[in-house]
Every structure is written in structure tokens, then in C-alpha cells.
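Peer 1: Sharing a structure, written as C-alpha cells. Questions coming.
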Amino acid sequence: MPDVVTSPSRVTLFATGLATLAISALFFGMIRDFLVALLLAAIFSAMAAPLQAKVSAAVGGRNGIAAVITLIILLIGVLAPTLVIVFIAATQASDLVEGLSGFVQQLDTDWTAIQLPDWVPFRDKLEALGPQIAAKAGEIAGRLASLFLSIVSAATRGTAHFFLNLFVMAYAMVFFLQEKTTVLAQLAHFSGLTIDAQQQLVERVVSVSRATIKGTLVIGVVQGALGGIAFSLVGIQAAAFWGVVMAFASIIPAVGPSIIWIPAVAYLAFSGETVSAIGLAAWCAIVVGLADNLLRPWLVGREAQLSDLMVLIGTFGGLAMFGATGLIIGPVITGVFITVWDIFQKALATALASPARPPAEPDAIAAPPTGKQPD
């Protein structure tokens, strides 16, 4: 009789689970293009929870109005300046492509367009190799021009998709911000982890996201702005574009924007602009370099708790998989990965350290009061 009762329950549970998995797969397949936008909405909503609470208290506890005001503050304070900078950089990138194309054509007709200053070692020998150097320089310049053109074209093609995902993210945040329990905490509830592990996981996602935004984006913007201003003062073309490139390069530990400004200094030096080269090198090495050393401990501290290697791998991996949004999602996934393995290690150590329960002695089992044998 017990088997007759249990069997249908197991069949029903199996069928329900199978249907749930099938419908879930269909649903996530349908919204797969918006999963990144929804994930970012959940992360940003969790980060903006303190601001949402303050705005809600200011408007008399009306969470809907508070969510809209919070979203507007975030859009005006973060998104609008970013879009303006990206638009200027894209425009200057187009001008840079045209300049490179003209430089390539000039090298094809007259390799003496490259003039070496007198202080360059082995100047005579290098000038004798002028045609070969000009050919290689023209080839590299042509490839860079093609690369920039492809990047600008890809950005243009993805504009509609970007704004659609931006709308989905903003619309979702209006609802996520009104939740008493953050969406990240609700998702962690279905992980099967303990309450402490769930809290640790959510806190790690928020802390890594906050550290990534403050450490990567804010510091990158500061270094890129300082570098772009210096490039503009010394007369380097497309200074805003190179400033954006320096901002992205700032995520590379131990290298940072130097991968951009060192070639720029060399270019000025070989062009005979010695004073400008020295000034640019001094500004970037002292001001731009110290900006990271001064701002990172103040803005980030040890909040992310990730090594430079893990930040680099997570950031580049996120960029490769998710595009620009990978700057945030990549380190977050890396932090969650480390946290989950840490939780598993502690659980495994606890399980191995727990002594096995000794078998009960026969005389320790008391007979039932009725005298009946146990079932």
C-alpha cells in the first residue's frame, strides 16, 4: 500500500519538474537578448537601494515616485555624461581614420614624410631604410584605420539594440527598486544555499559591483580626462578619442594608460616636439599615474577583495563575452565564482570535521510502553 501511494507522487513530481524546466528553457530562450539588461538592472537596483530609501523617505514613502526619481538621478548623473563623451570620441575617431588614410597615401608617394630629429641614434642608417620603414608604417596605419572604421561601424549598427536594452533595464529598475527585498536576494533564495551563504553571496555581488564602478569606471574617467586634456594641449589629433581609450586602458593592472601615452610621447619626440614630449611624459607619469594611486585606496579600499590578476581576467573575459557591459558583469561573475568556491570549501571542511554518529547500542533502545515490536 505505501508503494501505491508514493509512486504517483513521484511521477507527479517528475512530470511537474520536467514541465517547469521545459517552460523555463522556453522563457529564457525568448528573453535571452535582454538577460544582460535585466541582470544589470538587478545589480544597479541593489546598489541604489540606499538612495531609493532616502528618496522614498523624502516623498512620504511613495515607492513608485521614489523609484522614478532615483532612476532619473542615475540617468542624469551617470548615463548622460557617458553618452556625450562616447559621441565626441566616436566623431573624433572618424576624423582620425581620415587622417590615417591621408598619412598612408602620403607614405605611398613620398616616404620622406617621416623626418627623424638629429638626436636619434643611427639616424643615417634609419633614413637609408626609409622606404622599408615607410612601407611597414603605412601597413600598420592602414590596419589601424580599418580597425577604427570597423569599431565605429559596429557601434553604429548596435545603436538601436543598445537603446532597446537601455529601455528594458530602466523599465525593470522602476519595479526592482520598489522591492523590499532586492531581486538579487530573491534569486539567491532559489540557490539552495544557507541563509548566511545567501547573504554572503548577495553582499559580494554588491561590493564587487560598487568597487568595479568606483575603481574601474570613476578612476578610468579621471585618468582618461587628464590624459585627453594633455593630448589636446600638445596638439595630438583626436584627444577625446585617445582619452576614452586611456580610460579603458586604465583597467589593465600595472600598465594602465601608459600603454597609450608612452607611444604618444615617442611620436612627439620623433617629430621634433621635444618640449611637448617631455611635458606630456611628466604630466602623464606624475598626474595621471598618481591619480590611480591616490583615488583607488580612497574609493575602493579592499571592498572588491579581488587580486589584480582576477580583476584583469574577469574584465577581459567579460568584455569578450558581454561587450562593454562586461566591464561590470565580468568582475561580478569572478567575485561570485570565488565566493561560491569559498562557501563550498567551508561546507566541505565542516562536513569532514564532523565526527560520525556512533551506532546505537542494542540495550540503549527502550521497548515501547505497549510492548509491541517497533514497525
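Peer 1: Given region 191-351, what whole percent of its Cα pairs are spread farther than 21 Å? Numbers along the way, then the final one.
Peer 2: Values: 6721 of 12880 pairs.
It works out to 52 percent of all Cα pairs.
Peer 1: Among 79-85, 201-207, how do they line up by average Cβ neighbours within 10 Å per residue, starting with the highest?
Peer 2: Working: 79-85: 12.1, 201-207: 20.1.
Going from most to least packed, we get 201-207, 79-85.
Peer 1: Can you give the extra length, in nm with one decimal, that the chain gains between PHE337 and ILE286 once fully stretched, where that is 0.36 nm per residue apart less the Cα-Cα distance?
Peer 2: Gain on stretching PHE337 to ILE286: 14.7 nm.
Peer 1: Continuing with this model, one more query. Output ³J(HN,Hα) for region 61-72: one whole-Hz value per residue in order, computed from phi by the Karplus curve 6.51 cos²θ - 1.76 cosθ + 1.60 with θ = phi - 60°, and x for Gly and Pro.
Peer 2: x, 7, 5, x, 5, 4, 5, 5, 5, 4, 5, 5
Peer 1: Once the Cβ-Cβ distance between MET30 and ILE262 is put in as r, and R0 is 41 Å, what FRET efficiency do you end up with, to the nearest 0.05? Write down the numbers at each step before the final one.
Peer 2: Details: r = 48 Å, r/R0 = 1.18.
Given R0 = 41 Å and the Cβ-Cβ separation, E is 0.25.
Peer 1: Along the Cα-to-C-beta direction of LEU51, a point sits 7 Å from the Cα; which residues of region 174-190 have their amide N less than 13 Å from that point?
Peer 2: Output list for this probe position: 174, 177.
Peer 1: Give the peptides 163-172, 213-222 in descending order of average Cβ contacts within 10 Å, highest first. Mind showing how you got there, number by number?
Peer 2: On the way: 163-172: 16.3, 213-222: 19.3.
Highest-to-lowest ranking by the protection proxy: 213-222, 163-172.
Peer 1: Packing-wise, with mean Cβ within 10 Å as the measure, how do 69-75, 59-65 rank, highest first? Don't skip to the answer; put the middle values down first.
Peer 2: Numbers: 69-75: 17.4, 59-65: 12.6.
In descending order of packing, they fall as 69-75, 59-65.
Peer 1: Applying 1/(1 + (r/R0)^6) with R0 = 41 Å to the Cβ-Cβ distance of LYS180 and ALA353, what FRET efficiency is obtained, to the nearest 0.05? Kindly include the intermediate steps, with their values, before the conclusion.
Peer 2: Details: r = 37 Å, r/R0 = 0.91.
Efficiency, from the Cβ-Cβ distance: 0.65.
We did not get these values from a lab; they are worked out from the coordinates using the rules stated. Small disclaimer: the values here were computed from a predicted structure and weren't measured. Every residue, glycine among them, receives a Cβ derived from its backbone with ideal geometry; neighbour counts consider all protein chains shown.
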